[in-house]
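First comes the structure, then the notes that go with it.
Please treat every number below as a calculation from the coordinates, not as lab data. On a predicted model such as this, the values are computed, not experimentally measured, just so you know. Please note: Cβ atoms are built from the backbone with ideal geometry, for glycine as well, and neighbour counts cover all protein chains shown.
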Amino acid sequence: MDLIVNNKKFIINNHKRNFLFFFINISIFIFSSLLCYFFQIYRGDNLKIVKNLFKLQYNSLPIILQAFSLILLIVEIKFNKIFKNLIIFFGSHTFGVYLIHDNIFIRKYFISKLFQKYPNSISFSNLIFLINIKGIAIFIICILLDFLRYKLFNIFKIRNICILIEQKINNVYEIKINNII
């Protein structure tokens, strides 16, 4: 009986801790989002430190706080096996998505045409909807292209070729270093 009571206290304390952890992380995320919004409006023209610290760049303080709070939130979530496999699949191809969509030719000929000026008659909610749908479409297309690249590299054994080239280069440098010594 005593074991059951202690176990229930542990479960209750664990839930309180998880809720507190979740609340703190969401608070940090919301606070940093408000900082971004405030300094985007205010711009901090009078204070150079504030202006540089809160620019909307990858290394600005609010963005770092947001990334940190999201990472802490995701670490605490327990995923089932199917969802874990999906995360691993998308995560392994995300860098390829970045490289594909940030390519100058892709950006110039495809993405810029996708996001051309919208007519003034379109409503704000439709505009937000279209931008999100197009962003998701770009992500999915780039995932498929990177998955195709991955399969082609496996078929043509590109990894083995790269390892062979690396070994040849290492052998050449070892011979030169041994001759010098």
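Quick notes
- Segments 57-69, 85-97 sorted - mean Cβ within 10 Å per residue, highest first: 57-69, 85-97
- Karplus-derived 3J(HN,Hα) values for segment 134-148, using 6.51 cos²θ - 1.76 cosθ + 1.60 with θ = phi - 60°, are 5, x, 5, 4, 4, 4, 5, 4, 5, 4, 5, 5, 5, 5, 5 Hz; glycine and proline are entered as x.
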